[in-house]
Amino acid sequence: MISYELTLPYSLAPGWLAPYVEGLQKGRAMGRSCTKCGTVSFPPQRRCQCGNPDAKWVRLSGKASIELRTDGSDGAFGLVQFEGAANRAVTRLEGFSPDQSTGQLIVPPTDVPALVLAPSKPRSTS
Amino acid sequence: MLQMAAVTGSAQTRFSRRTDGSSFRDWAGEAFEAALAMSGLEHADIDALIVASESDFFTLQLNPASILADDLGLIGAATMRVEGGGASGQLAVHAGVQAIASGRARHVAVVGVDPSASQLPAATVKLLYGYSFDAWTDGMTGATATVLYALSYRAFAARIGIGVACLDQIARQNRANAMHNPNAHLPRQHKLAEIAESPLIAAPYRRLHCSPLSDGAAAIILSHPDAVPSARSGAPRISGIGAASDHAQLGARQDAGTFTAKREAMQWACQQAGVTPADIDVAEVYDAYAGAQLQALNALGLSETLADDLEAGHFAADGRLPINLSGGLLGQGAPVGAIGVAQTATCALLLEGRYHPALQPQRQLRHALADTHGGVCTTAAVTVLSQAGAS
C-alpha cells in the first residue's frame, strides 16, 4: 500500500452568499426578499420560486420551529421553519430535549458558517 | 418500442472492501474485459469510453477516463468522465446511449468504478459525503448523508403512514437476495430483531438500514441497433432513458419526502419506451437506505399500497415485481460510480436469462428498470431495458 496524505487548505469565496455567511458568523439570519413577489427565503435561494433572480437582503428574527427531527450517533438535526421564511432549513440542534420544538439561531460554535439552533426556552433542570 | 441501443456486454467485479492490493484500475480492467468478451467485439471496435466515477477524492486521479483508456487498450477512442453523485453510473449509461443516438459512435464502453471503501478512512468518506448535498448549508452544518435521508424518510413516512418495521423488512430482503449473488458485499440472513437493534445512526435509521461503502467496478458495452454482432442479436435493448433534478436542499422542496425528480425521470423513460410502470417486470432500485427504496417505489409508480405490497411479498425474489434481486446497494454494495452501471448490467442479464441462477426468475421478463439517484434524489436517472423482440 502507498501511504499518502493530502491536506487541502481551502479559501472558499462565499460569492453571492456573502451576507448569509457573514450573518451566520454573528448568529444572524440573513434571508433574501424577492423584489417582485416579496417572498423571503432562508436559507437564501439565489432565484425566487417565482423566477425572479433579484432580491434584497433582510434580517429575520432567527426564531424557528422544528417540523421533523432526527437523533443518533450522527448528532441531532432538524428540518425547521424559520420565522418569516417561505422555505425550510436543515439545522443542527444543540441542547434540545424531545419536547422542545422552537429554537433560535445561535453563533456557531466553530468558525464554520453552520446553521445551529438552540432552544428558545432554557431546559428544565428537574 | 424505441431501440436506442443494445446492451451487447454486461459485467461487474465482486463488490467488497478490497484488501488484496488490487486497485480501481485493475477492477475497471476486469469488468471491461468481461463485458467486451460477452459482446464478441474487439478493442478496436469501441468508439467511445465513458467512465463513471463520483470523486477524485476517492481515486486521487483527476481525469480518470484518460488513464483508463490507456489501461483498457482504447487509445484513440473518445473519452469522458460522467459525474452526478450517486447517479454517476446511470448518467454515464445515458451518455453512452446519446453518443450512439447522435451517430457519433457505433459501440460504446461504459465503465463505472470507485474505491469507496479501501482508499480513505470511513470517517473521511463520511465527511466528504456531507459536502455532497448543499455544501454551503447542509454540509457546513455537519449533517451527514444519513441525517438528510432520515429527515426525508420521516416526511415520507408521515405522509403515507408507514411504520419503521418496513425498513427492517427491506434490509432483510435485500441482503437475503444477496446470499445468492457471488458478487455481493453483504450477503446476510438477518433476523429482524438484529436489524431493529443495530446502533442508531440517525433515527429512524440504524446501521443495518444503511448501505455499505464498497470497492468495485461494472461495465457494459452499448451497440447501435444496426451494429449488433450477429451472435448477440438477442441482446436486450435500452428502450427509454429519463433524468431530472430537484432542489438540493430538502427545505426548498414542496415536500421533503417525495422523490419528485425520480417521478419525472420515470415519466420520460416510460414515454420513450412506450411502457407504463405496470409493464415493468423486474427492477433494480436505488436503496442507499432502506427507506429510500420505499420512496423510490412510490415515486416510480411501482406501488400505490406500499405497506400491503411489501407484506404480501410482491417485491420478493418470487414475487410479481422482484426488486433488487442483486441485493441492491444494501446487499450487493455501493462502489458509487459503478452502481448505476451494475444496475443496468443486472437488468440486461436478467432479461437475457443469464443472471445468477438462484436469482433468475423462471418466467419470461419483457421490461426491466434500473433506477439511480444522487443526493437525496436531487439528480435522478432511470433506464428502461426491453427484450430485443418486445413491442
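The values are calculated or read from the model by the stated rules, or taken from the named source; none is laboratory data. These numbers were taken from a predicted model, which means no experiment stands behind them. Cβ sites come from the backbone with ideal geometry, for glycine too, and all protein chains shown count toward neighbours. In case anyone asks, the SASA skips ligands and DNA or RNA and just uses the protein heavy atoms, side chains included. Shrake-Rupley method; radii C 1.70, N 1.55, O 1.52, S 1.80 Å.
Return yes or no: is B:Ala117 in contact (Cβ under 8 Å) with a residue 40 or more places away in the chain, on the phi < 0 side of the Ramachandran plot and surrounded by fewer than 20 Cβ atoms within 10 Å (Cβ to Cβ)? The answer is no for B:Ala117.
Scanning region A:38-70 for residues that are in contact with a helix residue (DSSP H, G or I) (Cβ under 9 Å, 6 or more places away or on another chain) and within 13 Å of chain B (Cβ to nearest Cβ) gives A:Ser41, A:Phe42, A:Pro43, A:Pro44, A:Gln45, A:Arg46, A:Gln49, A:Glu67, A:Leu68, A:Arg69, A:Thr70. Away from every other protein chain (no Cβ under 14 Å), of a type in the set (A, V, I, L, M) and closer than 24 Å to B:Ala135 by Cβ - does that describe any residue in region A:25-37? Checking region A:25-37: not a single residue is away from every other protein chain (no Cβ under 14 Å), of a type in the set (A, V, I, L, M) and closer than 24 Å to B:Ala135 by Cβ. Scanning region B:55-91 for residues that are in contact with a Lys or Arg (Cβ under 8 Å, 6 or more places away or on another chain) and of a type in the set (A, V, I, L, M, F, W, C), which turns out farthest from B:Ala261 (Cα to Cα)? Taking the candidates together, the pick is B:Ile67. Listed by first and then second residue, the pairs linking a residue in region B:172-195 that is without any contact (Cβ under 8 Å) to a residue 60 or more places away in the chain and of a type in the set (Asp, Glu) to a residue that is open to solvent by 40 Å² or more (accessible area, probe 1.4 Å) and assigned to a loop (DSSP other than H, G, I, E, B), with Cβ atoms under 9 Å apart and 6 or more places separating them unless they lie on different chains, are B:Glu194/B:Arg188.
Results for (1) more than 14 Å from chain A (Cβ to nearest Cβ); (2) crowded, with 24+ Cβ neighbours inside 10 Å; (3) in a helix (DSSP H, G or I), shown as yes or no for each residue.
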{"residue": "B:Thr124", "(1), (2), (3)": "no, no, yes"}
{"residue": "B:Asp138", "(1), (2), (3)": "no, yes, yes"}
{"residue": "B:Gln189", "(1), (2), (3)": "yes, no, no"}
{"residue": "B:Ala193", "(1), (2), (3)": "yes, no, yes"}
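Kindly evaluate A:Arg28 against the criterion of being at pLDDT 95 or above, surrounded by fewer than 21 Cβ atoms within 10 Å (Cβ to Cβ), basic (Lys, Arg) and touching a Lys or Arg at 6+ places or on another chain (Cβ under 8 Å). So A:Arg28 fits the description; yes. Filtered by the rule that a residue be open to solvent by 50 Å² or more (accessible area, probe 1.4 Å), part of a loop (DSSP other than H, G, I, E, B) and touching a strand residue (DSSP E or B) at 6+ places or on another chain (Cβ under 7 Å), region A:62-91 gives A:Ser73, A:Glu83, A:Gly84, A:Ala86. Every listed requirement among (1) closer than 26 Å to A:Pro19 by Cα; (2) at pLDDT below 95 is met by B:Gly163 save one, (1). Counting only helices (runs of 4 or more DSSP H) that fall entirely inside region B:15-95 and contain at least 3 residues that are in contact with a strand residue (DSSP E or B) (Cβ under 8 Å, 6 or more places away or on another chain) and either within 14 Å of chain A (Cβ to nearest Cβ) or small (Gly, Ala, Ser) (or both), the qualifying elements are B:24-39, B:64-71.
Within region B:335-358, if we keep just the residues that are assigned to a loop (DSSP other than H, G, I, E, B) and open to solvent by 10 Å² or more (accessible area, probe 1.4 Å), the residue that is farthest from B:Gln3 (Cα to Cα) turns out to be B:Ala358. Taking residues in region B:32-43 that are closer than 15 Å to B:Leu222 by Cβ, and partners anywhere that are open to solvent by 60 Å² or more (accessible area, probe 1.4 Å) and in a helix (DSSP H, G or I), the pairs with Cβ atoms closer than 6 Å and at least 6 places apart or on different chains are B:Gly40/B:Ala231.
Number of residues in region B:120-151 that are without any contact (Cβ under 8 Å) to a residue 12 or more places away in the chain, in contact with a Ser or Thr (Cβ under 9 Å, 6 or more places away or on another chain) and either within 21 Å of B:Gly76 (Cβ to Cβ) or not small (Gly, Ala, Ser) (or both): the value is 2.
The rows are residues; the columns are (1) within 14 Å of another protein chain (Cβ to nearest Cβ); (2) open to solvent by 20 Å² or more (accessible area, probe 1.4 Å); (3) under 25 Å from B:Asp114 (Cβ atoms).
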| residue | (1), (2), (3) |
| --- | --- |
| B:Pro199 | yes, yes, no |
| B:Val228 | no, yes, no |
| B:Ala256 | yes, no, no |
| B:Gln267 | no, yes, no |
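The listed residues are A:Gly51, A:Gly95, A:Gly38, A:Gly72, and the only one of them that is of a type outside the set (Phe, Trp, Tyr) and touching a residue at least 24 places away in the same chain (Cβ under 8 Å) turns out to be A:Gly95. For region A:73-87, filtering for residues that are facing chain B (nearest Cβ under 7 Å), more than 12 Å from A:Leu115 (Cα to Cα) and of a type outside the set (Asp, Glu) leaves 3.
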